[in-house]
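J.: One structure, pasted below without further comment.
Any read-out appearing in this document is the output of simple, stated calculations on the displayed coordinates, not a laboratory observation. Owing to the predicted nature of the structure, the values given are computational and were not obtained by experimental measurement. Positions of Cβ are generated from backbone atoms using ideal geometry, with glycine treated the same way; all protein chains shown enter the neighbour counts.
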Amino acid sequence: MKRYLIIISLAFIVSTFTVYAVPVNRRDANKLETLKIWKLIDYLQLTDKQADRFLPRFRNFEKDIHQMQISKDKKTKDLLNKIKMGKTKGLNDDVNAILDIDIKMSRRKKAFFNGVRGIISEEQMAKMIVFEYQFRREVRRMIEDRTKMRNSLRRR
């Protein structure tokens, strides 16, 4: 059981990274967030009672992870700039700061799953991992299709 939850948590950790890295404006981000929540509710087949208890925790979790990802992205860009400028001293501190954010994200994800354990079933937790993976892939595909369409229109 413990091993199963660890595998689920790790899969969830890996699956969330690319969704948060997608640069979109705030309006599009809100639409994407709303779409994700509705699809998640449907996919997990949450009852009204489950949704009432689950969604506030999920939104809070998503907000926390998003903020951590923004911080990680900023630190990574700063690190990239230092490397480009040839500043090689103190890079270990920057690398450790980025890795610390990864650890905080992992802990937050574990705390989230532990917190919803009594709200959603083990099967629903597993479905949530699958949903994250599928949703991330679908968003990436849509962005790639949109980029291809824009590029093809520019060539005309």
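J.: Residue by residue through segment 37-47, what is 3J(HN,Hα) from phi via Karplus (6.51 cos²θ - 1.76 cosθ + 1.60, θ = phi - 60°)? Round to whole Hz and write x for glycine and proline.
T.: Ordered by residue, 3J(HN,Hα) equals 5, 5, 5, 5, 4, 5, 5, 7, 6, 6, 6 Hz.
J.: Let me ask you something else. To the nearest 0.05, what FRET efficiency results for ARG137 and LYS63 with a Förster distance of 22 Å applied to their C-beta separation?
T.: Efficiency at R0 = 22 Å is approximately 0.45.
J.: On to the next question. Describe numerically, in nm with one decimal, the distance between label points set 7 Å from Cα along Cα→Cβ at ARG53 and at GLU144.
T.: The answer from the label model is 4.0 nm.
J.: According to the square roots a ≥ b ≥ c of the eigenvalues of the Cα gyration tensor, what is the shape class of segment 2-155, taking rounded for a/c under 1.5, prolate for a/b larger than b/c otherwise, and oblate for the remainder?
T.: Values: a/c = 2.34, a/b = 1.27, b/c = 1.84.
In terms of gyration-tensor shape, oblate.
J.: Multiply the residue gap between MET85 and ILE70 by 0.36 nm, knock off their C-alpha separation, and tell me the result in nm, one decimal place.
T.: Numbers: separation 15, 0.36 × 15 = 5.40 nm, distance 2.26 nm.
Full extension from MET85 to ILE70 adds 3.1 nm.
J.: Mind listing the phi-derived Karplus ³J(HN,Hα) values for segment 146-152, rounded to whole Hz, using 6.51, -1.76 and 1.60 with θ = phi - 60°, and x for any glycine or proline?
T.: For segment 146-152, the Karplus curve yields 5, 5, 4, 5, 4, 5, 5 Hz.
J.: May I pose another question? Tell me, in nm to one decimal, what length is gained between TYR43 and SER106 on full extension, where the rule is 0.36 nm per residue of separation less the Cα-Cα distance? All intermediate terms of the calculation are to be shown ahead of the outcome.
T.: On the way: separation 63, 0.36 × 63 = 22.68 nm, distance 2.39 nm.
Between TYR43 and SER106, full extension yields an extra 20.3 nm.
J.: Further, regarding this structure: Modelled label-to-label distance, ARG27 and ASN92, 7 Å Cα→beta-carbon offset: nm?
T.: For the pair ARG27/ASN92, the computed spacing is 4.9 nm.
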